[in-house]
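Comments concern the structure below.
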Protein chains: 2
Amino acid sequence: MSIYLQDIPLNEALARFDNALKKASLSGVLGEETVELHEHLVGRVTAKPVWARISSPHYHAAAMDGFALRAENVAGAMPTAPVILTVGQQAAYVDTGDPLPLWANAVVPIENVEALDKDGQITEDARRPHSIRLRAALPPWSHVRPMGEDIVATQLVLPSGHVLRPVDLGAIAAAGHDRVVVSRKPRVAILPTGTELIEIGQPVEAGKIIEFNSLVLAAQVNQWGGEAVRYPISPDEYALIRQRVREAAEKSDLILLNAGSSAGSEDFSAAVVQELGELLVHGVAVRPGHPVILGMIDRQDGSRCPIIGVPGYPVSAALTGEIFIEPLLARWLGRPPHKPIEIEAKITRKLTSPPGDDDYVRVVAGRVGDQLLVAPLSRGAGVITSLVRSDGIVVLPRGIQGIEAGSRVKVRLYRQPEELNQTIFAIGSHDISLDLLAQYLSTYGRRLVSANVGSQGGLVALRRGETHLAGCHLLDAQTGVYNLAAVQQYLPDQKVRILGWVNRVQGLLVARGNPKNIKGLQDLVREDVIFTNRQRGAGTRILLDYQLSLLGISPAQIRGYGQEEYTHLAVAAAIASGRADCGLGIAAAAVALDLEFIPLFEEEYDLIIPSVYTEDDLLQPLFTLAQDEDFRKAVAQLPGYETSRMGRWIL
Amino acid sequence: MSIYLQDIPLNEALARFDNALKKASLSGVLGEETVELHEHLVGRVTAKPVWARISSPHYHAAAMDGFALRAENVAGAMPTAPVILTVGQQAAYVDTGDPLPLWANAVVPIENVEALDKDGQITEDARRPHSIRLRAALPPWSHVRPMGEDIVATQLVLPSGHVLRPVDLGAIAAAGHDRVVVSRKPRVAILPTGTELIEIGQPVEAGKIIEFNSLVLAAQVNQWGGEAVRYPISPDEYALIRQRVREAAEKSDLILLNAGSSAGSEDFSAAVVQELGELLVHGVAVRPGHPVILGMIDRQDGSRCPIIGVPGYPVSAALTGEIFIEPLLARWLGRPPHKPIEIEAKITRKLTSPPGDDDYVRVVAGRVGDQLLVAPLSRGAGVITSLVRSDGIVVLPRGIQGIEAGSRVKVRLYRQPEELNQTIFAIGSHDISLDLLAQYLSTYGRRLVSANVGSQGGLVALRRGETHLAGCHLLDAQTGVYNLAAVQQYLPDQKVRILGWVNRVQGLLVARGNPKNIKGLQDLVREDVIFTNRQRGAGTRILLDYQLSLLGISPAQIRGYGQEEYTHLAVAAAIASGRADCGLGIAAAAVALDLEFIPLFEEEYDLIIPSVYTEDDLLQPLFTLAQDEDFRKAVAQLPGYETSRMGRWIL
């Protein structure tokens, strides 16, 4: 590798790419095609303005069932001085949509005339009378759709660069066209590479990674108006990757070369681009996303095919789509690039950021009281659920080392700002029942957004007025009572209520078959039993210490007491991998890793809610659900869950 | 027809329909299907929650290239007190993505260690050294993606009723699924009826109407997640329509029976519904849209197929889609119905409304100064371009007879509110060059929205501060000078400027071949020449009167002087239809109706702009374009246009 361009700023990277595209005459609309009018044109982009070929209506049309006439002839008609017109000479019956006779300039609706027979008597045959009697005048062009009312021939119907909607198709047809000229869809080849990758649906094993970036990228490309072609996974073999890139360049307008996240793949990508064309950028100062590659591949005919080396981590890959691919497709289609809705909000947590990078932080957003708040989600580039859950992105630009909790930030929203008013913020200890709650609340038009910061973190958020509710399971070691003492300690001056939620069983997680025959905490003192613990301050740790003290067991007697894990799942993983024999946790963690579970204690997980929100319309569906049989049953079916206290006000 | 339920309120109509759907067990999700994960699932709706089958990562994975180790073993490492670990015993080389060995709990990146050979000397073979030297400690789990970092097995990945986006597909795959359960697409049969209808692409003639409602409805249905099937046009034959409805009911979840706009069709529809099932509603008090039919068709197996009789006028048809069809599809798919963004704005014109109806008024919207304004578009049910141009809908509810200009109204927006800040409002006399201007401005990210209220109307809008600019061509009969006098008269106290725009030729429109050999205004006094005029106050009428006075011709000498038409096109139509021999108008009107044009006078069409906006960033692209060669050339190519004054400040 002769060029390794490490982490240049985003603007400069885009400018280099732009420049290369211009040189290759690839900076505008790629091409156009004429397509017959059909319903699948929605979303396509007009490549030429649509000018009306005919007027619409293309003739003066009756707008009502009635009689065509000349308005002058009934100018003086009044209730006391009716005017009679002879049908066939001064009036003619017309149905709605019929052409107006040339001599006529108005239509009187059938219900506004008296139909007369040749003796001047009222007749039943309202559509074929001898004459009609009118008792009111009407202005010229009444009840006529004049030619060109909608569209005048030669008029502009749609500009070019317009993204077609259903009504546009109608207007194009009305203007006399049976086809429309649209930008052709850019063909985008997506090449996943990496020896560690396996196709979706293959059995997983340690060290193998399910390849789904090509799926996400293809869906993005199609959604943005391109036509994605997914190639099979290429293992990390230089010659093979080179061959596929070379082939793809001949057939495509753009290549997305998606390196696996393991080492080596990325270097292959850069080297291939280097060999087959020009490596413009290798490494962009955005996080997540660093190892983005931008380049051009030379085709046999001397033209060039742009290539983007997409990083392997799924969040990086998806954001690369938004930052690099969407604007390029927009340009090739001749439509404006997507412009995110930007709002200002207060951030609930401190963030640090590498000063050299534009840092894209995924956040959830909601309105609590009169504050618009955003809470950062997991920042790992591998955490695709952070994009699934995210309501928007906060960009911490280069040069900023971080921001304090409570700072005002600009948020690029993925949702309508209106939706944030229907958002219930739940910051605190997470429980799986909140996932179910979110599911049920959605049918009431509410969005539950939760951030897992632990029970104590939730109480802090309540103190700051930054959440509608906080999940909490804090045992008071003195009284053995849950949550009450913690609320009094953390929120002495705030009016909050405690809504009883679930009792969940904590117990010992052991390997399938319980090989060490462990039955309870008393077994932890056995010489042949290795325990693994939760970190200090965790609810489960507090529970363990409390129960050990009741049994008179000292931590020093337990092998592995000092070995701390940070989540229920990490404890389960330690046991599943054989590092420890048991640990304290919830049943769901055992189920997740196919362990056995020895139930020991029930703990109380409640929702702490400021009194001001208990009356708020926003939260009413939550209180309804707490009493709803269906919902309670669904929660009670979770392993180790019990709901008898659900919906009861503890405080 | 035994039941003819005329114009019941929308809520009641929906309630009846709802009730019938419930009885037929059609008020929830219609069904589900399991679909393999692929990129075309975007937009489909989950029918079941997606729970994680596996964790992601499904093993503890190295997040960097480096050495796996136990953090405890390097706890004391410092620059002055390095720690050495033997590779193979206390450390193992791992690539990014590799599984962490069971005994390890952290990874040190390769660039943070000194690789040593067996003599303790630094070695080049960084990945296969004998031992490594560290000069800093690191916390447990550093540079490890712990199992379940992204997704924990059994966790909720997506709720049901979720509209799938690209990243969701990735999350589903990461959670160990290769397929997903989505709501099946409701099958919607669209039956256009009407003897007057012709298919798109057929030659048009008076009395024939191009059938494009089925195209618009099908595009809407597909966009909202249904699967539309378009049937061929049925002429107004009762037995045929009955037969097609009966057939469609067996194959479809919903029938849209689109009556032609002519009389008769609509009655057929109601009678067919009545005969084949149950007519629930015939006539809803919404405008446009009145003749909506709601009913149920009985299938052979005893189940029922809902049917909606969609009115024939295109605006009514499209709005029927939004009001009745979209929410029904949403319910059948299990997703929330679309909720329009609502903003408050000031309406620029007085509106009257039938007090018995919910009146759906199409509007354009923009921000002028610090006011959010909406201007009503044409209210004709036949004017599909009013939907194409519309930025939103103002609903005047039942019971309201109208609203005054300047009232605050609620607007259901079709666009992002942000787009309104990029909108240039042009209220005044319309000119075709403004269509071109709109086209060019869009490439600068500006939207030009124009409402044609005539020159004087534009000056009034300027006086009220309700437009960024106004097109104007008002001749001062005393001086023969355009626009200056009118501006001084209408806007004596306002700082405005006049931007020279186009000179356009006015002349006589005559039939092809000029059979009466008309050469100028002096021919209007000939006995064999019938003229047709514009209405009093029109710029063209003022021009005519001025020119006649110069020639010393009196109106009384002209046959047809009293025959007034309201648009250039209406004049052209009168000549095309043989009602008159000539009229005064612009060349474009002659081109539109294939007439001959005798150029006579140039008139000056200018843009009046408040001084405050001449410095505004919003309008700068307009001034740029006024000097742009490309744009000026495009305008100059319009028939009868000349652009030498374009961009010059007249005042």
Item to check | Given (1) buried (at least 17 other Cβ atoms within 10 Å of the Cβ); (2) assigned to a loop (DSSP other than H, G, I, E, B), number of the condition A:Pro354 does not satisfy | outcome: (1)
Checklist entry - Is it the case that the stretch A:228-239 has a residue that's buried (at least 24 other Cβ atoms within 10 Å of the Cβ), among the β-branched types (Val, Ile, Thr) and not in a loop (DSSP other than H, G, I, E, B)? => result no
Checklist outcome for this item: Being among the small types (Gly, Ala, Ser), in contact with a strand residue (DSSP E or B) (Cβ under 7 Å, 6 or more places away or on another chain) and more than 23 Å from B:His40 (Cα to Cα) narrows B:Ser160, B:Ser142 down to just B:Ser142
Checklist entry - Would you pick out the residues in the stretch B:27-86 that are within 9 Å of chain A (Cβ to nearest Cβ) and among the hydroxyl-bearing types (Ser, Thr, Tyr)? => result B:Ser55, B:Ser56, B:Tyr59
Checklist entry - Do we have any residue at all in the stretch A:396-418 that's touching a His at 6+ places or on another chain (Cβ under 6 Å), in contact (Cβ under 8 Å) with a residue 40 or more places away in the chain and farther than 30 Å from A:Ile8 by Cα? => result no
Checklist entry - Somewhere in the stretch A:124-135, is a residue crowded, with 19+ Cβ neighbours inside 10 Å and among the polar types (S, T, N, Q)? => result yes
Next on the checklist: Anything in the stretch B:210-222 that is out of contact with any Asp or Glu (no Cβ under 9 Å at 6 or more places or on another chain) and either modelled with pLDDT under 95 or in a helix (DSSP H, G or I) (or both)? List them, or say none.
Outcome noted: B:Asn213
Checklist entry - Counting just the residues of the stretch A:128-141 that are touching a helix residue (DSSP H, G or I) at 6+ places or on another chain (Cβ under 7 Å) and within 14 Å of chain B (Cβ to nearest Cβ), which one comes out modelled with the highest pLDDT? => result A:Pro139
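Residue-wise test of (1) within 14 Å of another protein chain (Cβ to nearest Cβ); (2) not charged (D, E, K, R).
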site: B:Pro336; (1), (2): yes, yes
site: B:Ile341; (1), (2): yes, yes
site: B:Glu344; (1), (2): yes, no
site: B:Ile347; (1), (2): no, yes
site: B:Ala365; (1), (2): no, yes
site: B:Val383; (1), (2): yes, yes
site: B:Pro397; (1), (2): no, yes
Checklist outcome for this item: Of those in the stretch B:596-627 that are in a helix (DSSP H, G or I) and either of a type in the set (Ser, Thr, Tyr) or not assigned by TED's automatic domain parsing to the domain that holds B:Gln506 (or both), the residue surrounded by the most Cβ atoms within 10 Å (Cβ to Cβ) is B:Tyr613
Next on the checklist: Taking the conditions exactly as written (more than 39 Å from the chain's Cα centre (by Cα) and within 10 Å of chain B (Cβ to nearest Cβ)), does A:Arg145 satisfy them or not?
Outcome noted: yes
Item to check | Qualifying positions in the stretch A:541-594 - surrounded by 23 or more Cβ atoms within 10 Å (Cβ to Cβ), more than 36 Å from the chain's Cα centre (by Cα) and among the small types (Gly, Ala, Ser) | outcome: A:Ala580, A:Gly583
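Take the residues in the stretch A:422-440 that are of a type in the set (S, T, N, Q) and modelled with pLDDT under 90, then tell me which one is surrounded by the fewest Cβ atoms within 10 Å (Cβ to Cβ). It would help to see each step written out before you state the result.
Keep residues of the stretch A:422-440 that are of a type in the set (S, T, N, Q), which gives A:422-423, A:429, A:433, A:439.
Within this subset, residues satisfying the condition of being modelled with pLDDT under 90 are A:429, A:439.
Details: A:Ser429: 24, A:Gln439: 19.
The residue in question is A:Gln439.
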Checklist outcome for this item: Quick count over the stretch B:631-645, residues being out of contact with any strand residue (DSSP E or B) (no Cβ under 6 Å at 6 or more places or on another chain) and not polar (S, T, N, Q), is 7
Checklist entry - Filter the stretch B:441-469 for residues that are more than 25 Å from the chain's Cα centre (by Cα) and surrounded by 23 or more Cβ atoms within 10 Å (Cβ to Cβ); which is modelled with the highest pLDDT? => result B:Leu462
Next on the checklist: Criterion first (under 28 Å from the mean Cα position of the chain (by Cα) and within 14 Å of another protein chain (Cβ to nearest Cβ)) does B:Ala219 satisfy it?
Outcome noted: yes
Checklist entry - Among the listed residues A:Val496, A:Val571, A:Val529, which satisfies the condition of being over 26 Å from B:Ala153 (Cα atoms) and touching a Lys or Arg at 6+ places or on another chain (Cβ under 9 Å)? => result A:Val529
Item to check | Every residue from the stretch B:543-596 that is within 14 Å of chain A (Cβ to nearest Cβ) and of a type in the set (Ser, Thr, Tyr) | outcome: B:Tyr566, B:Thr567, B:Ser577
Item to check | A:Val152, sole failed condition from (1) within 30 Å of A:Ala91 (Cβ to Cβ); (2) more than 7 Å from chain B (Cβ to nearest Cβ); (3) in contact (Cβ under 8 Å) with a residue 12 or more places away in the chain | outcome: (2)
Item to check | Residue in the stretch B:532-565 that is modelled with the highest pLDDT, counting only those that are closer than 17 Å to B:Leu474 by Cα, in a loop (DSSP other than H, G, I, E, B) and not charged (D, E, K, R) | outcome: B:Gln535
Next on the checklist: Given the criteria crowded, with 19+ Cβ neighbours inside 10 Å and in contact with a strand residue (DSSP E or B) (Cβ under 7 Å, 6 or more places away or on another chain), does B:Ala47 qualify?
Outcome noted: yes
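Could you list all residues from the stretch A:178-189 that are assigned to a loop (DSSP other than H, G, I, E, B) and either touching a Ser or Thr at 6+ places or on another chain (Cβ under 9 Å) or more than 8 Å from chain B (Cβ to nearest Cβ) (or both)?
First, the residues of the stretch A:178-189 that are assigned to a loop (DSSP other than H, G, I, E, B): A:178, A:184-186.
Answer for the stretch A:178-189, where residues must be assigned to a loop (DSSP other than H, G, I, E, B) and either touching a Ser or Thr at 6+ places or on another chain (Cβ under 9 Å) or more than 8 Å from chain B (Cβ to nearest Cβ) (or both): A:Arg184, A:Lys185, A:Pro186.
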Checklist outcome for this item: If we keep only residues of the stretch A:155-177 that are assigned to a loop (DSSP other than H, G, I, E, B) and touching a Gly at 6+ places or on another chain (Cβ under 7 Å), then the residue farthest from the other protein chains (Cβ to nearest Cβ) is A:Leu164
Item to check | In the stretch B:261-272, residue modelled with the lowest pLDDT [restricted to those that are out of contact with any helix residue (DSSP H, G or I) (no Cβ under 8 Å at 6 or more places or on another chain) and outside any loop (DSSP other than H, G, I, E, B)] | outcome: B:Ser265
Next on the checklist: Quick check on B:Leu396: is it more than 18 Å from B:Asp359 (Cα to Cα), out of contact with any helix residue (DSSP H, G or I) (no Cβ under 9 Å at 6 or more places or on another chain) and surrounded by 20 or more Cβ atoms within 10 Å (Cβ to Cβ)?
Outcome noted: no
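The values are calculated or read from the model by the stated rules, or taken from the named source; none is laboratory data. Everything quoted here is computed from the prediction, not taken from an experiment. Positions of Cβ are backbone-derived with ideal geometry, glycine not excepted, and every protein chain shown enters the neighbour counts.
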